[in-house]
Amino acid sequence: MNVILLPVALVLAILLLVGTVPPGLVVPAGTMLAALLAIATVVEIARLVRARPPKGPAAAPASAPKDEPPAVAAPAPTGEADVVQFLGRLQEKGRLVDFAMEDIAAYSDEQVGSVARVVHQGCREVLKSSFDIRPVHGGAEGEEVALAQDYDARSYRVVGKVPERPPFRGTVRHRGWRTTRVSLPTVTAEGAAREIIAPAEVEIE
């Protein structure tokens, strides 16, 4: 565009935009075209300015997804199997399950007593090997005892005519038991260990 016509085109473009072109003004065709181009240029610049995104902190590049290690299935709890195996030891040494599951109503006291001795000896052996059992109350049964306001309710169970609040006074009817050691059989593989207390015995002749 001619350098001289450029200012004229800009002025004419402004006049056309505001609608104040003087009447009788004869505008050459080239100048009119330049004015229209100037108007179009101004409109496009305004559109680009409005469309420009606001400045702000640059977005952090998306980090590549990290390869997560494969999930490892947690081992199944062996608590039930441990209990079953311990019961199996009581059965093996003291025939406890046989004694408890037998209907002893048809047997005499002498017969039951002789069997109970075997059960007692075997179960006592298992308990002593698996626990270090001591009485909770250090005194003797039948003695008077006072339980303070802050007594350990887990160690002493109050029975009888119990007032609403401690302290309590009463007679020791049972000393209770506690253990300072637990050594139960460890089960590494479950399955039948959770169900079989004692296997069936088959004698081969």
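Within the bounds of segment 131-140, is there any residue that is of a type outside the set (Asp, Glu) and more than 30 Å from residue 163 (Cβ to Cβ)?
Within segment 131-140, one or more residues are of a type outside the set (Asp, Glu) and more than 30 Å from residue 163 (Cβ to Cβ).
Which condition from (1) at pLDDT below 95; (2) among the small types (Gly, Ala, Ser); (3) under 25 Å from residue 131 (Cα atoms) is the one that residue 191 breaks?
Failed condition: (3).
Residue 140 fails exactly one of the following numbered conditions: (1) within 30 Å of residue 80 (Cα to Cα); (2) part of a loop (DSSP other than H, G, I, E, B). What is the number of that condition?
(1)
Could you please find all residues in segment 97-137 being of a type in the set (Asp, Glu), under 46 Å from the mean Cα position of the chain (by Cα) and in a helix (DSSP H, G or I)? Please lay out each step first, then the result.
Step one: list which residues in segment 97-137 are of a type in the set (Asp, Glu), which gives 98, 102-103, 109-110, 125, 132.
Next, from what is left, pick out any that are under 46 Å from the mean Cα position of the chain (by Cα): 98, 102-103, 125, 132.
Within segment 97-137, 98, 125 meet the criteria.
The values are calculated or read from the model by the stated rules, or taken from the named source; none is laboratory data. Note that this is a predicted model, so its numbers are computed, not measured. Ideal geometry is used to build each Cβ from the backbone, glycine not excepted, and the neighbour counts take in all protein chains shown.
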